[in-house]
Amino acid sequence: MSPQGNTPGGFTAQPLKPARILLHLLLIAIGAVAGAAGALIQAAWFPGGLLLALLGAAGVCYGGARATGAKGGGFAAGAGWLVAVILLTSSRPEGDFVFGAGLGSYVYLLGGMAVAVMCATVAAPSQPMRPDGRLGK
């Protein structure tokens, strides 16, 4: 038996189960909501709102990775955040848009992407949590 469980290759090689797919879809939706909320908050209360929006993106990505126990959860939440933010950057035919051409908007877009990537790649534990603390025994 491998240290990661019964499946060779660890958690990423586990078969797709309906609950796992549903959890990832839920994380994508949560990431999209966090991206839309952050887009509105970062412009409303500039210095504090920007920090709050970036912390929200980090929390969603880190929480997604911790909830699934794998990096895929962090990437799913980050993908939902990115899709929502990219859709909100485009202007509508009426001329309405969410993001202005200010420093805060650019910091939110680029900083949020960097925060999402960092949290999604570093968040998951490298080894499964075991009660005895020793692997392979």
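The values are calculated or read from the model by the stated rules, or taken from the named source; none is laboratory data. A quick note: this is a predicted structure, and the numbers were derived from the prediction, not measured. Quick reminder, even Gly has a Cβ in these numbers, built from the backbone with ideal geometry, and neighbours come from all protein chains shown. In case anyone asks, the SASA skips ligands and DNA or RNA and just uses the protein heavy atoms, side chains included. Shrake-Rupley method; radii C 1.70, N 1.55, O 1.52, S 1.80 Å.
Considering the stretch 28-49, and only residues there that are open to solvent by less than 20 Å² (accessible area, probe 1.4 Å) and over 11 Å from the mean Cα position of the chain (by Cα), the residue that is modelled with the lowest pLDDT turns out to be 42. For beta carbons closer than 7 Å, sequence separation of 6+ or different chains, a first residue in the stretch 26-55 that is among the β-branched types (Val, Ile, Thr) and a second that is part of a helix (DSSP H, G or I) and surrounded by fewer than 17 Cβ atoms within 10 Å (Cβ to Cβ), the qualifying pairs are 41/52.
Cβ separations smaller than 7 Å between residues 6+ apart or across chains give the following pairs from the stretch 58-71 residues that are within 16 Å of residue 82 (Cβ to Cβ) to residues that are aromatic (Phe, Trp, Tyr): 60/81. If you go through the stretch 93-130 and keep only what is at pLDDT 60 or above and in a loop (DSSP other than H, G, I, E, B), you end up with 93, 94, 95, 96, 97, 98, 99, 100, 101, 102. Consider residue 19 carefully, then state whether it is at pLDDT 90 or above and surrounded by fewer than 15 Cβ atoms within 10 Å (Cβ to Cβ). No.
Checking each residue in the stretch 50-92 for being outside any helix (DSSP H, G or I) and either modelled with pLDDT of 90 or more or open to solvent by less than 50 Å² (accessible area, probe 1.4 Å) (or both) picks out 69, 70.
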